[in-house]
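Novice: Dropping a structure here in structure tokens format, bear with me for questions.
Read-outs: derived from the displayed coordinates by stated rules, not from any lab. Everything numeric here is computed off the predicted structure, so don't read it as measured data. We place every Cβ from the backbone using ideal geometry, glycine too, and count neighbours over all the protein chains shown.
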Amino acid sequence: MESLEYSMDGDVDLHGFLNLSKEMRPGFQGIRVRARVKAEAPGAKIQELLEYAAKTSPVMDYLRNPVSVSVELTE
């Protein structure tokens, strides 16, 4: 593989983020991930690798499934 680059963008409603609306959540409503791969491999093999990476990635798992988060003040 010569190079691998990911880019991500998402949709967020600023009414929720800025606490201007109680109905709108402050987080993203959708996230898009794009992968750019430069490799001497068939497209089908690259697609298979991307699907495997998305299936086993801790970041993708976190984005797809709710996780417990705690926030605490420390000195």
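Novice: Tell me, in nm to one decimal, what length is gained between M24 and L49 on full extension, where the rule is 0.36 nm per residue of separation less the Cα-Cα distance?
Specialist: Details: separation 25, 0.36 × 25 = 9.00 nm, distance 3.60 nm.
Gain on extension, M24 to L49, equals 5.4 nm.
Novice: Through the Karplus equation 6.51 cos²θ - 1.76 cosθ + 1.60, θ set to phi - 60°, convert the phi angles of segment 24-30 into ³J(HN,Hα) values in whole Hz; use x for Gly and Pro.
Specialist: For segment 24-30, the Karplus-derived couplings read 9, 6, x, x, 6, 8, x Hz, x marking Gly and Pro.
Novice: Just flag the GluC sites (Glu not before Pro) in segment 1-52 sitting in loop per DSSP whose Cβ has no more than 16 other Cβ atoms within 10 Å. Mind showing how you got there, number by number?
Specialist: Working: sites: E2, E5, E23, E40, E48, E51; in loops: E2, E23, E40.
Sparse-neighbourhood loop GluC sites (Glu not before Pro): E2, E23, E40.
Novice: With labels modelled as points extended 7 Å from the Cα through the Cβ direction, what inter-label distance (nm, one decimal) is found for Y62 paired with A35?
Specialist: 1.9
Novice: What trypsin sites (Lys or Arg not before Pro) does segment 20-75 have in DSSP loop regions with at most 13 other beta carbons within 10 Å?
Specialist: On the way: sites: K22, R32, R34, R36, K38, K45, K55, R64; in loops: K22.
When the trypsin sites (Lys or Arg not before Pro) of segment 20-75 are filtered for loop state and at most 13 Cβ neighbours within 10 Å, K22 remain.
Novice: Treat every Asp and Glu Cβ in the chain as -1 and every Lys and Arg Cβ as +1, leave all other atoms uncharged, and give the resulting dipole magnitude about the Cα centre to the nearest 20 debye.
Specialist: Working: 9 positive and 12 negative charges, 50 e Å.
Dipole about the Cα centre, nearest 20: 240 debye.
Novice: With θ taken as phi - 60° and the coefficients 6.51, -1.76 and 1.60, list the Karplus ³J(HN,Hα) couplings across segment 54-70 in order, rounded to whole Hz; mark glycine and proline as x.
Specialist: Whole-Hz 3J(HN,Hα) from phi for segment 54-70: 5, 6, 10, 6, x, 5, 4, 4, 4, 5, 8, 10, x, 10, 6, 10, 10.
Novice: Rounded if a/c is under 1.5, else prolate if a/b is larger than b/c, else oblate: which is the chain, with a ≥ b ≥ c the root eigenvalues of its Cα gyration tensor?
Specialist: Details: a/c = 2.90, a/b = 2.03, b/c = 1.43.
Since a/c reaches 1.5 and a/b is larger than b/c, the shape of the chain is classed as prolate.
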